[in-house]
Structures are given as structure tokens and as C-alpha cells.
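Engineer: Dropping a structure here in C-alpha cells format, bear with me for questions.
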Amino acid sequence: MNYPVWDVPFLGAGMVVAIIAIIHVLISHFAIGGGALLFVAELWSDRQPDGERIREWLHKYATFFLVYTTVFGAMTGVGIWFSIQLASPEGTSLLIHQFVFAWAIEWVLFLVELTLLYLYYYGWRKNSRRLQVALAGLYFVIAWGSLFVINGILTFMLTPGGWTIENRDMAAGFFNPGYLPSLLIRTLVMFLVAGLGGLLVAARLEEEGGLKERIVVFCSRWVLPAALLLPGLSYWYWKTLPSNTARLMAAGATGLGGGRLEVMTLFAVAAGVAGTLLVLGSLLYQVRPRALGVAGAMALFVVAQIGFLGGEFARELARKPYVIYDTLYSNSLWKHKAAEAGYRQQPYLSLTRWDPDVVPLTPQHGEWAFRLQCASCHTRSGYRGIIPRTESWTPLSGFKWLETMDQQGVPPPFVGTAEDRAAISSYIQSLHGKNVGAAEILAEAQADGRRRSDGGETREVMP
Amino acid sequence: MNHLLLATGLWDALPLPPADPLGYPIPVELLRALAYLTLTLHFLALHFTLGGMILWLWVRVRRPTCAESLSRYLGGGLTLGFSYLVTLGIPPLLFVQVIYGQLFYSSSVIIGAHWILVVPLLIVAYGLLYLHKLTRVRSPRPQWIWLLVALLAMLSIGFFYVNNFTLMQEPDQWMLTYAMRPDGQSLNMRNPTVVPRLFTFLSPALAVAGLGLLLAGAFLRGRGRFGPDDPGEGGPDNQGEGGPDDQGEGGPEPQRRVRASEGDGGPSGPGRGRTFQALGLKAFLVSLAATVLSGAWFVTRIPEEVLGRLREAPLLVPVGAAGVALFLVATVLVFAATRTRSFLLPVLATLTTAGGLATIVILRDLLRIAWLEPVFSTGRVPVHPQWTMFFLFLASLVVGLALVVVLTTVVVRNLLTEAPSAR
């Protein structure tokens, strides 16, 4: 409400965030789990007769790890910051002001983690075995510490627990109901991804003295904790979700939601299927390690990426209609403001002040009201496109739908006058190539209201 | 423009978002101090990397004495420098969002399409630096192309940053700019300070890279070479930067013939050291002159009304005087450092230059405060203290930095040792 809306054609600002975040999330999990793998593999290599050859593989793993996690992981991590401030400045501001020192601590951990990785990698030939093992272990501990911190902020957005905008209770918001199951799930998933990374590097090894087989078996074991424990943890996480989210997702699963939120359910299912495929694939390579080739290892990584896509999209959609659950709607409308008497009935553009002084009921009125109230979630014809969603709308049905749109469960409550709704309905008709003026829609609505009133209906359409 | 708006009371009509309802988590002076400290560190890493890239390209083109050694040294630190410039850039970005969030977010959205380009540009620049590093020995490809493109990407990022940080100071420009391109494809080119400001903040790059050469030069004059992996100017140039990433696929390094002019008959270690120091001095002086000139240009482009408010800032004179003094002392130290193999002088020169950069950072904020004075004051934002978290952060910072210093000392000592690998 207080900020301009970045009106990105076709993609929408939310999709820009998603593209960067989905790439980042896989790499960030790899960046932590990979540290554990480096540590354990260092110890494992000491117990093997051909430990030096295992460390040659480990060095290749570390090279891939270093370049992949720092170039793509760290940069996309910064990218998430850039994108969320564009997509939801109000929500980002709230998170930054509430958790600034949590973020600052995460930065310290990241700085130390990065340095440890460089010391481990660049000291490869010169450091003692003991120091290398210590550096790898310390790297993992510090990197997991950064997960410990960021997990509090991420889960806060969906399950803020006892935190409210009034009490600003940082501890209640950070250690919220979703915190622990999410932390455990992410910890298992990062082990899984670390194993997949190991398989990817091992796939290029030559068959020689059973080395490749042993490394493949070693790496595929990293999938087992997730295979065994994720179903139970996912159920636990599910139980922490807000009732509205659980209801919407369940409705999508059973088809009772009329397909409205099927996409969220589909993403959740995609994550589940991907996870199952990863477990099965890894188990296959554990039984038949010689079967592992570059294509197979790559395929597992791609499946993992799809799994992350599903999981992260489902988590994002689960927050609807909020960006900070029960506090701030996804279009930056504060819940407590919306609940104030008379607030929602004020002229929308006078509340935002981000329009170029448009004349009421003109086409520009509808365009700017749509942009500022709807475009943070909806594009015109691309991602969450409004055109395909309003194929069946008439000018009047659109006008009416807007008034009660929050009853659908996904959109926030509408803010604005009847003129605002008429202007947006007119604008949406224009997107379908139909020229119906806002004043015309308003007159039709008034006539309809009178008809219903005369017919004895008690529900008033007009405010 | 500001005068007109003030006189007509139109500030109230500006779409300036209110401060975040959560307020500041600690007094704003402390937030500013954290922002100044971390931004100075960010600028140091930025200038070291950017200056290193420019000097590397210069060495490639001009082929001075010790060209191979110089390019190996300058090229070797680029990926590390880039990594730290990004990492050290995070906290100042965090603190500017806390202090000036409603201004910063608004301007970011208005130039959103360009602002988000920073992300792919970062990836391209960093990726190319790694490509430059990892293919340096094995590949005959012209390495300067990777570096030139990476340099252009970094300059573009700087341009977008300056655009955003000038636009956030001008709420009176927001609505017009946003209304023209709500998709964020605008740039803030109306502000007269954009270009000189960009030059001013990039000019110290060669100075900081020059200080790196002074440190390396002192080391070479004392030790002869960087370590067992450093072949020296006369040895075969096949050792990369001493990192294992130059080892090929785990097997022996493919040998590369070094041209006689590059390798044979080069100066001795101490001779190389003096060459490093001479180039470091030159880079420092050129950079300092460029900073003074572009800074003067920058000041002449600041609107008179803003300058008037800036002159009233109590910190302006002491900080400005401290800046001039620090850079003068740094220059003297740099001259002295070229005549010695001691580490002390180049270290002191680096510290005083860092102090000088810190004064630029503070002056930059004083200018922002003056620019924003009619419309925004941090004094009006409430403080809801989060002292426990603040002290937790400070404790983590102290412990983290101690860990980094201790372990880095151990590993660097290992890297410089002549003893065979312990692995």
C-alpha cells in the first residue's frame, strides 16, 4: 500500500523472486550438507587403504563445491534480497526491522564459513591432515549455524506463532511452531543434496580397483536419513501449518476446491514425487554402483531441482493471502488496517498515493488501481495472469466479485470504493478487448442493486 | 525544485512511505556506525578487486618489467577479492534498509528492472573471474577478454548502485519517474551528480590495489618469493596461483612453455619487489589524483541548496579535515614504503587509506542527510531496542573474526613454508 508496485510484464515480480530463490535454495542446502560430506569423507579416507585416491576425488568435489556454491549460491543469495525488496518492500521492511541482528549474525556466520572454505581449499596441499579435517568440520558447524538462523526468519513468515506487530516478540517469532520441523527437514535434505553432488563428481571416475563403487556407495548413503525420516517430519510440519493453509491444500488434493488452488497442491505433490524418485535412484546406485553415469547423476540433480521447485512454491503459496501470516497481506495491505472501520471503503488511490493523479472512472483509474492493488500477485497474461482467470467475467460479475474476493481464501480483502471496483472491472474488460466504461458498470450495478432491493433481497451490493 | 516544493507545502503530497512500524532496533547513531564500518570494509575489498582488474589489464597491454609476476599476483587475488567484496557488501545494504528503508525500497522499485540486473551481472563477473583463474594455465584463450567483460559488468553494477542511491534522495522525482515506466525500466539520469559520484567512488580503486602491490613488494624484497609455489620471474610459469585448482584433473600439471622474454633473465626476488613497489606507488598517486579531481567535480554538481544544508552539518569540517590529513599521511607513508622491505610502512599506509575511505563514507552519508533534510529525518523514527540481539551480534562478530584471524594465520604460514606437503 505504501510502496510502488514493480509491474513486471508476463513474469510478475513474484516469479522473479521464485526463479532466483529456487536456484539458490538447492545450492544453499548443498553448501551446508556438502561441508558435512567433506568432513566425513576426510575421516573415511583415512581409514581406506587408498585414501590418497579418495582425496583426489574429494578434491574434485571440493572444486565443484567451491565454484558452484560461491559463484551461484552466494550471488543468488544476495539476489533473493534484491528481488524480495522489489516484490514486497513492505514485507521485506518488516522482516529486516524485526530480524536485523539475526540477519547480521547470519552474515558473520557466512563470512566465517566462506573463509573456512577458502582455507580448506587453498591449503589443500600444505595443511596437515588434522587441520584439514578440523577445517571441514568447523565449516559444516558454522554453515549449519547459518541455517539455524535463516530458518527462523523463513518459518516466521508462514507460522509467526506468538509474535504480533504489537508485541514484537522476537523469540516467539523466531522459534515459531514451524521452526523445529523445518530445521530438521532442511538438515536431512541438505545431506541428501550433498550425496547427489558426490554422485555427480563420482560419475566421471574411471573404474579402477573398485574405487568408484566404494565412492558411489558412500555418497548414496547420504540419502538414507531423508528417506527414512522425511515422511514423519513432513507430517509434523503439516500439523504446524495454519488451519486455512491446511484446508486449502487438502481441498486442492481432493478436488473440492474447484481447481482454484490446485497449483499449490501440485507443487507439494511434485516435491513428494521428486523426493521418492531421489531415494529410489540413490538406492539403485547403492545396489548397482557401476550403473552410475554422468547422465544418471545429472538426472538426479535435475529431479532434486524439481523437488525444490515444488517444495518452495508450495511453501510460498501456503502463505496466501498473506506475505507475513495473519499480519500483512500479499499486496502489502496490513491486516489490522483492513480491520479498521471504514478503512476499506476509502478511495484506494488516495490511500496509496502512487498514481499520477488519475481522474476517477477513466481507463487510467482502473489501470492504476489494478496495478497497485492486484499486480503484486497477478500479471495480465503471464504468470497468474488475470486474463485467463476472468474469461467468464461480465462487467457486473467482475464488479461484484471484487467486493467479496477475500472469501475465496486466496486473495486479500478488496480496498476501495464502488468507483474503484467499477474502474478495475472496466480495465479487465479492456484487457479482453471489450470497451465498457467504468461509469457504465457503476450505473448497471446501481440498477442491479435497486432491482435486488425491490425483489426483497437483503444483501446490498453497493456500499 | 526542493525550494519550490517546500514553499508550496507540496512535500506532504509526495508518495513518501511512512517509517516501518517496528522502528529502529538500536539508536540510529549506532546503526550509522555499523553502516560506516562495514561499508568501508566493502569499499576496501571492492577497490582492491576493481583496481587489481584494471592493473592486470594494464600489465597485459603494456608488458612492463616483471609482467608475468605482476599478472600472476594481481590475477591470483581477484576471485577472493570479489567474493569478499560481495560478502562485505551485505551488512551495509542491511543497515541502509534499516535506516532508510522507505526511501531505499521506493527507489529500488522505480528502477527495478535495472536494479535486479545487478544479480546476473554479479554472477557473470564472478563466473568470468573464475574462468579467468581456472583456464589461465591450460587454455590459450585470451584471458583479457574474460577480465574485460567482468570489469564492464562491475562498472555497470556501480552505475546502477549510484542511480539507486541518488534517486532515493529525491522523493520529488519518484512519481514522475514511476508513472513513465511502472515496469522499472527507468534510470535516474536527471540528477547531475550521478556520473561524477560514480567516478568519485570508483577512483580509489587503483590506490587500494597499489597498496596491495606495496605489501607484496615488501614481502618479495624480504623473502625473494611468495612461497615454494612461486617460480619467480625466471622460473617456469606453470604453478598457477598456488591453489590446487591449477592441478588439472588430479594428475600432473600440463607444462606450458614460457617465452624467453617472459621468463628468462627476469629480475631477482628483491628486484621484483622493487618493481612491485614502484608500480604500487604510481597506481596510488594516479588514483589519488583521480579521486581529488572527480570529488571536486562531484561537489560542483551538488545543488546549492543542498550544499548550504551540508555546510551546516557539525561533522562536516572535522570529518573532511580528517580525510585530507589521512590521505596526506597515507601518501607520505606510501612514498616511504617504496624504499624499504619493512612491512610496517605499507601496513600503516593501508590503515590510513582505510581511514581516509571511512571519511568519504561518512561524508557521503552527511550529504544524504542534507539532501533529505526537508522530507525525512531519522530523529522522527521511534526506537524499539533489541539490545540482547545487538550484543549477540557483537559477540558473534568478535568470536567469528578471532576465528578467522587465527586460522588464516595458521594456513597462510603453511602456504608460505618451504617444507614439503604435510598431506
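Engineer: In region A:13-329, if the dipole is taken from +1 on Lys/Arg beta carbons and -1 on Asp/Glu beta carbons about the Cα centre, which of A:233, A:70, A:13 is farthest to the positive end?
Structural biologist: A:233
Engineer: Related question: Rounded to whole Hz and in sequence order, give me ³J(HN,Hα) for region A:363-372 from the Karplus expression 6.51 cos²θ - 1.76 cosθ + 1.60, θ = phi - 60°, writing x for Gly and Pro.
Structural biologist: Using θ = phi - 60°, the values come out as x, 5, 4, x, 4, 6, 5, 5, 4, 7 Hz.
Engineer: Once the Cα gyration tensor of region A:1-126 is diagonalised, what are the square roots of 5 times its eigenvalues, in whole Å and ordered largest first, as equivalent ellipsoid semi-axes? Mind dumping the intermediate values first?
Structural biologist: Numbers: eigenvalues 289, 51, 20 Å².
Ellipsoid semi-axes (Å, largest first): 38, 16, 10.
Engineer: Still on this model: Using +1 on the beta carbon of Lys and Arg, -1 on that of Asp and Glu, and nothing else charged, what's the dipole of the protein assembly as shown about the Cα centre, debye to 20? Please list the in-between numbers first.
Structural biologist: Details: 68 positive and 58 negative charges, 447 e Å.
Dipole magnitude for the protein assembly as shown comes out near 2140 debye.
Engineer: May I ask you to evaluate 6.51 cos²θ - 1.76 cosθ + 1.60, the Karplus curve with θ = phi - 60°, for each residue of region B:87-100 and list the ³J(HN,Hα) values in order in whole Hz, giving x for glycine and proline?
Structural biologist: Using θ = phi - 60°, the values come out as 5, 6, x, 5, x, x, 5, 5, 6, 5, 5, 6, 6, 10 Hz.
Engineer: With labels modelled as points extended 7 Å from the Cα through the Cβ direction, what inter-label distance (nm, one decimal) is found for residue A:166 paired with residue A:394?
Structural biologist: The modelled label-to-label distance comes out at 4.5 nm.
Engineer: In region A:29-110, which trypsin sites (Lys or Arg not before Pro) are in a loop and have at most 10 other Cβ atoms within 10 Å, using DSSP for the loop call? All intermediate terms of the calculation are to be shown ahead of the outcome.
Structural biologist: Values: sites: A:47, A:53, A:55, A:60; in loops: A:47.
Qualifying residues, ordered by number: A:47.
Engineer: Return the average number of partner chain Cβ atoms within 10 angstrom of each residue Cβ along peptide B:172-184. Walk me through the numbers before you get to the answer.
Structural biologist: Working: counts 0, 0, 2, 6, 1, 1, 7, 8, 1, 1, 14, 4, 7.
Mean partner shielding for this stretch: 4.
Engineer: Compute the length gained on full extension between residue B:223 and residue B:62: take 0.36 nm times their separation in residues and subtract their Cα-Cα distance, giving the result in nm to one decimal.
Structural biologist: Details: separation 161, 0.36 × 161 = 57.96 nm, distance 2.70 nm.
That pair, residue B:223 and residue B:62, stretches by 55.3 nm at full extension.
Engineer: Hey, got the average number of other protein chain Cβ atoms within 10 angstrom for residues in B:397-406?
Structural biologist: On the way: counts 6, 1, 2, 10, 4, 1, 5, 7, 1, 0.
Mean partner shielding for this stretch: 4.
Engineer: On the full set of protein chains, 1.4 Å probe, figure out the accessible area of residue A:335 and give it in Å² to the nearest 10.
Structural biologist: Here the residue's solvent-accessible area equals roughly 70 Å².
Engineer: If you take the square roots of the eigenvalues of the alpha-carbon gyration tensor of the protein assembly as shown and sort them as a ≥ b ≥ c, do you get rounded (a/c under 1.5), prolate (a/b over b/c) or oblate? Mind dumping the intermediate values first?
Structural biologist: Working: a/c = 2.24, a/b = 1.34, b/c = 1.67.
It is oblate, given that a/c is not under 1.5 and a/b is not larger than b/c.
Engineer: How do B:107, B:396 rank by accessible surface area computed with a 1.4 Å probe, from largest to smallest?
Structural biologist: Working: B:107 0, B:396 30 Å².
Sorted descending by solvent-accessible area, the residues read B:396, B:107.
Engineer: Right, here's the next one. Mind running the shape call on region A:340-454? Use the C-alpha gyration tensor, a ≥ b ≥ c as the square roots of the eigenvalues: rounded below 1.5 for a/c, prolate if a/b tops b/c, oblate otherwise.
Structural biologist: Working: a/c = 1.23, a/b = 1.09, b/c = 1.13.
Rounded.
Engineer: Take the alpha carbon atoms of chain A, find their radius of gyration, then divide it by 2.2 N^0.38 Å using N residues; give the quotient. Intermediate values should be presented prior to the final figure.
Structural biologist: Details: Rg = 26.1 Å, N = 463, 2.2 N^0.38 = 22.7 Å.
After normalising by residue count via 2.2 N^0.38 Å, the value is 1.15.
Engineer: Which FRET efficiency value, to the nearest 0.05, is calculated for residue A:298 and residue A:387 with the Förster distance at 35 angstrom and r the Cβ-Cβ distance?
Structural biologist: Working: r = 37 Å, r/R0 = 1.06.
It comes to 0.40.
Engineer: Towards the positive end of the charge dipole of the protein assembly as shown, with charges on Cβ (+1 Lys, Arg; -1 Asp, Glu), say which of A:281, A:291, B:416 has the farthest Cα.
Structural biologist: B:416
Engineer: While we're looking at this one, here's another question. Using a 1.4 angstrom probe and counting only protein chains, how large is the accessible area of residue A:247 in Å², to 10?
Structural biologist: Probe radius 1.4 Å; accessible area of residue A:247 about 140 Å².
Engineer: Pairs of Cα atoms under 8 Å, at least six residues apart: use those to get the relative contact order of region B:159-217, whole percent. The partial results should precede the final answer.
Structural biologist: Values: 22 pairs, mean separation 21.2, N = 59.
Result for region B:159-217 is 36 percent.
Engineer: When you count, for each residue, the other Cβ atoms within 10 Å and take the mean per peptide, how do B:205-212, B:353-360, B:30-37, A:404-411 rank with the highest first?
Structural biologist: The densest-packed peptide leads the list: B:205-212, B:353-360, B:30-37, A:404-411.
Engineer: If I model a spin label at residue B:293 and residue B:145 as a point 7 Å from the Cα along the Cα→Cβ vector, what separation in nanometres do I get?
Structural biologist: Once both label points are built, they end up 3.2 nm from each other.
Engineer: Just to check I understand the Karplus step: with θ = phi - 60° and J = 6.51 cos²θ - 1.76 cosθ + 1.60, what whole-Hz values come out for region B:36-44, glycine and proline as x?
Structural biologist: 4, 4, 6, 5, 5, 4, 4, 5, 4
Engineer: Once ligands and nucleic acids are excluded and a 1.4 Å probe is used, how much of residue A:440 is accessible, expressed in Å² to the nearest 10?
Structural biologist: The accessible area comes out at roughly 110 Å².
Engineer: A follow-up question, please. Can you give me the Cα centroid spacing of region B:382-421 and region B:23-59 in angstrom?
Structural biologist: 18
Engineer: With label points built 7 Å along Cα→Cβ from the Cα atoms of residue A:243 and residue B:32, find their separation and express it in nm.
Structural biologist: Roughly 5.0 nm, to one decimal.
Engineer: Once amide H atoms are placed 1.01 Å from N in the peptide plane, what residues at a sequence separation of 5 or more from residue B:383, or on another chain, have their amide H within under 5 Å of its amide H?
Structural biologist: Residues meeting the criterion, in which the H sits 1.01 Å from N, are B:24.
Engineer: Any number yet on Rg/Rh for region A:1-51, C-alpha, Kirkwood? The partial results should precede the final answer.
Structural biologist: Working: Rg = 20.8 Å, Rh = 14.5 Å.
Result for region A:1-51 is an Rg/Rh of 1.43.
Engineer: Could I ask something else about it? How many angstrom separate the Cα center of region B:76-90 from the Cα center of region A:409-434?
Structural biologist: Region B:76-90 and region A:409-434 have Cα centres separated by 48 Å.
Engineer: Let me ask something else. Given the Cα-Cα distance of residue A:341 and residue A:276 and 0.36 nm per residue of separation, how much length would full extension add, in nm? Display every interim value, and only then the final one.
Structural biologist: On the way: separation 65, 0.36 × 65 = 23.40 nm, distance 4.99 nm.
So the chain would gain 18.4 nm between residue A:341 and residue A:276.
Engineer: In addition: Where the centre of each part is set by its Cα atoms, how far does region A:40-83 sit from region A:346-376, in angstrom?
Structural biologist: The distance from the Cα centre of region A:40-83 to that of region A:346-376 comes to 51 Å.
Engineer: Taking amide H positions as placed in the peptide plane 1.01 Å from N, state which residues far from residue A:328 in sequence (5 or more) or on other chains have amide H under 5 Å from it.
Structural biologist: Placed amide hydrogens put A:323, A:335 under 5 Å from residue A:328.
Engineer: Quick one: which residues, 5 or more positions from residue A:8 or on another chain, have an amide H under 5 Å from its amide H? H modelled 1.01 Å from N in the peptide plane, none for Pro or chain starts.
Structural biologist: Close amide H contacts, sequence-distant or interchain: A:13.
Engineer: Within the set of other residues whose C-beta is less than 13 Å from the C-beta of residue B:110, count the net charge using Lys and Arg as +1 and Asp and Glu as -1.
Structural biologist: Details: positive: B:181, B:190; negative: A:7, B:170, B:172, B:183.
That sum, taken over residues with Cβ under 13 Å, equals -2.
Engineer: A follow-up question, please. What's the average, rounded to a whole number, of partner chain beta-carbon atoms within 10 Å of each residue's beta-carbon in B:85-95? Write out the running numbers ahead of the final one.
Structural biologist: On the way: counts 0, 6, 10, 2, 1, 10, 6, 0, 6, 8, 3.
Average neighbour count from other chains, rounded to a whole number: 5.
The values are calculated or read from the model by the stated rules, or taken from the named source; none is laboratory data. Every value quoted in this text rests on a predicted model; they were computed, and no experiment measured them. In this analysis, Cβ positions are derived from the backbone assuming ideal geometry, glycine residues included, and neighbour counts consider all displayed protein chains. These accessible areas exclude ligands, DNA and RNA; they are computed on the full protein's heavy atoms, side chains included. Shrake-Rupley method; radii C 1.70, N 1.55, O 1.52, S 1.80 Å.
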